[in-house]
Amino acid sequence: MLSRLMSGSIRNLEREFSCTVRLLDDTEYTCTIQRDAKGQYLFDLICHHLNLLEKDYFGIRYVDPDKQRHWLEFTKSITKQMKSQPPFTMCLRVKFYPPDPAALKEEITRYLVFLQIKRDLYHGRLLCKTSDAAILAAYILQAEIGDYDPGKHPEGYSSKFQFFPKHSEKLERRIAEIHKTELMGQTPETSERNFLQKAQMLETYGVDPHPCKDVSGNPAFLAFTPFGFVVLQGNKRVHFLKWNEVTKLKFEGKTFHIYANQKEDKKIILTYFAPTPEACKHLWKCGVENQAFYKLEKSSQVRTVSSSNLFFKGSRFRYSGRVAKEVMEQSAKIKREPPEIHRAGLVPSRSCPSITHGPRLSSVPRTRRRAVHISIMEGLESLRDSAHSTPVRSVSHGDSFIPRSRSHAADAGDGMAIISDDAYSPSDSVLPTPVAEHSLELTVSRQINGAPCSIEEEKESEAGTPLGEEPGDLGADSRAAGSSQAALSEVEQVNKFVLSVLRLLLVTIGLLFVLLLLLIVLTESDLDIAFLRDIRQTPEFEQFHYEYFCPLRRWFACKLRWVGGLLINK
């Protein structure tokens with residue numbers, strides 16, 4: 001009896017595994033789930049734990065052993081998606097940024113989106129001019145530590161918080177000044193709502209950039225936002241396509257294509273090259289999901305999409321969730337008492353030290369930091385090649401802002417929109433929280449896709465151009481690399497065309513062979529099957545049999561006898 005109980009317990013353990021999900025406030029939720037459980041089951045567990053109803057904006061992200069990021073597909077088994085062995089570690093993140101985050105129905109949803117955008121700000125994905133940076137940081141201070149209190153907050157208290165990858169003492173003083181004088185009396189909810197309203201006006205709101213290269217070999221960053229598809233290159237936003245203009249997204253190997261129709265029936269095709277085929281497929285799937293979520297009116301309009309037009313080739317994918325319009329309609333029907341929110345204002349954070357109270361870079365002297373770090377006022381942070389969520393540098397807009405929706409509509413037809421005042425060479429930045437096991441210190445996480453992850457490592461690394469090029473963005477070396485990359489891309493395209501022709505030829509030969517086998521069965525076999533008998537009795541088949549097939553058979557027999565005679569005589 002005891003042995004049977006023990007064997008049963010072992011079998012149950014083999015059917016279960018542990019899964020840890022790191023939440024947006026850097027706390028962890030650990031659960032045990034069945035081996036055949038799908039992604040939706042895990043996601044529902046997390047949403048129940050958070051008391052979250054407006055959950056369609058969120059997703060679960062994981063990293064495979066090759067350091068490629070993925071979104072967990074809710075309709076598939078978790079174990080079939082993960083390439084590693086359990087226990088699994090994942091992250092809860094905002095997958096679809098709300099077009100108007102301040103208008104979300106419930107405070108718990110706004111708080112989680114606030115945590116995500118604060119993370120974006122810290123990791124260099126959400127970028128802004130200095131005046132906006134000071135206001136955003138002051139809102140974070142007010143939300144997390146409350147009103148300014150001289151007894152609790154001594155001179156220079158804002159310098160103990162890290163809001164951005166790097167900033168100056170002047171900016172720290174401006175943050176403290178706004179916090180002291182302009183935000184007194186604001187509750188955490190009000191500060192978070194104001195933060196969201198300000199953040200959504202920025203050019204890079206909702207941007208989670210994918211590193212690529214254009215056809216000339218120059219680095220570029222592709223991103224999908226609530227308003228459309230964006231390409232950032234150098235100090236310019238070189239392309240912006242609204243979702244209703246994008247007609248098709250496809251990929252082949254490392255090559256990613258965007259098809260669009262702009263005003264006056266202008267058709268364009270944009271082509272970019274991802275670092276790996278896996279990164280390109282991930283980029284394509286993100287694009288398909290974002291286009292379906294933001295563009296369609298209802299989820300019943302979602303169709304299965306193929307990655308290629310080539311015969312018998314390509315991946316197929318279908319977005320499985322609700323679309324933005326349905327989510328907003330469903331949110332309007334929520335009627336319940338607002339759930340209690342446990343804000344983690346004073347809990348040490350692994351990746352966002354804005355809520356810690358230790359020195360920002362305790363092991364680095366202040367003077368050295370000033371020499372190494374470039375002030376935000378000196379320019380915008382650069383685009384950098386790294387993992388899927390590669391930080392980009394931002395946008396300096398000028399003193400006045402147009403509301404985001406109107407600004408995008410106005411800029412939709414523009415060619416290159418300047419997103420920075422100066423051409424920027426890569427500088428240090430911090431990647432999103434790695435999902436591998438690590439300690440609380442920032443310096444433990446080493447590298448994701450070859451890019452340093454800690455501030456210490458970034459400080460010591462040389463500021464070279466993206467993808468390992470030497471300093472000097474568009475110098476002679478870059479042009480040489482661009483020309484060689486263009487030549488390689490042309491060769492790749494020719495090779496792909498040849499392979500496609502060969503594939504089509506093989507398929508055609510295969511079909512002809514199958515037809516030949518069927519013809520032999522019809523004419524030479526004695527199989528008495530109903531449908532074969534019906535075909536043999538048709539006048540057309542009899543005419544073909546006696547006028548064409550029989551003479552052809554005699555000719556082949558004659559030739560075979562002739563060849564056989566030659567071989568015997570030799």
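The values are calculated or read from the model by the stated rules, or taken from the named source; none is laboratory data. As the structure is a prediction and not an experimental result, all values here were calculated from the model. As a convention, Cβ positions derive from the backbone with ideal geometry for all residues, glycine included, and neighbour counts pool all protein chains shown. The area values use the complete protein model at the heavy-atom level, side chains included, leaving out ligands, DNA and RNA. Shrake-Rupley method; radii C 1.70, N 1.55, O 1.52, S 1.80 Å.
Here is how the numbers come out for the structure above:
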{"quantity": "Any chance Gln537 is loosely packed, with under 10 Cβ neighbours inside 10 Å, at negative phi, at pLDDT below 85 and not hydroxyl-bearing (Ser, Thr, Tyr)", "calculated": "yes"}
{"quantity": "Qualifying positions in segment 139-156 - assigned to a helix (DSSP H, G or I) and touching a helix residue (DSSP H, G or I) at 6+ places or on another chain (Cβ under 7 Å)", "calculated": "Tyr139, Ile140, Leu141, Gln142, Ala143, Glu144"}
{"quantity": "Only listed residue being in contact (Cβ under 8 Å) with a residue 12 or more places away in the chain, within 26 Å of Val501 (Cα to Cα) and of a type in the set (A, V, I, L, M, F, W, C), chosen from Phe240, Phe256", "calculated": "Phe256"}
{"quantity": "Meets criteria (under 26 Å from Leu53 (Cβ atoms) and open to solvent by 10 Å² or more (accessible area, probe 1.4 Å)) for Pro99", "calculated": "yes"}
{"quantity": "Close pairs (8 angstrom Cβ cut-off, 6 or more residues apart or separate chains): under 19 Å from Asp36 (Cβ atoms) in segment 61-80, of a type in the set (Gly, Ala, Ser) and open to solvent by 20 Å² or more (accessible area, probe 1.4 Å) anywhere", "calculated": "Glu73/Ser320; Phe74/Ser320; Phe74/Gly321; Thr75/Ser320"}
{"quantity": "Residues located in segment 178-202, provided they are open to solvent by 60 Å² or more (accessible area, probe 1.4 Å) and closer than 22 Å to Ser159 by Cβ", "calculated": "Lys180, Thr181, Glu182, Met184"}
{"quantity": "Strands (runs of 3 or more DSSP E) fully within segment 1-84 counting 1 or more residues that are at pLDDT 95 or above and within 28 Å of Pro226 (Cα to Cα)", "calculated": "16-22, 58-63, 69-71"}
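Condition check ((1) at pLDDT 95 or above; (2) open to solvent by 80 Å² or more (accessible area, probe 1.4 Å); (3) not aliphatic (A, V, I, L, M)) across all residues:
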residue: Leu270; (1), (2), (3): no, no, no
residue: Ser315; (1), (2), (3): no, no, yes
residue: Ser320; (1), (2), (3): no, no, yes
residue: His342; (1), (2), (3): no, yes, yes
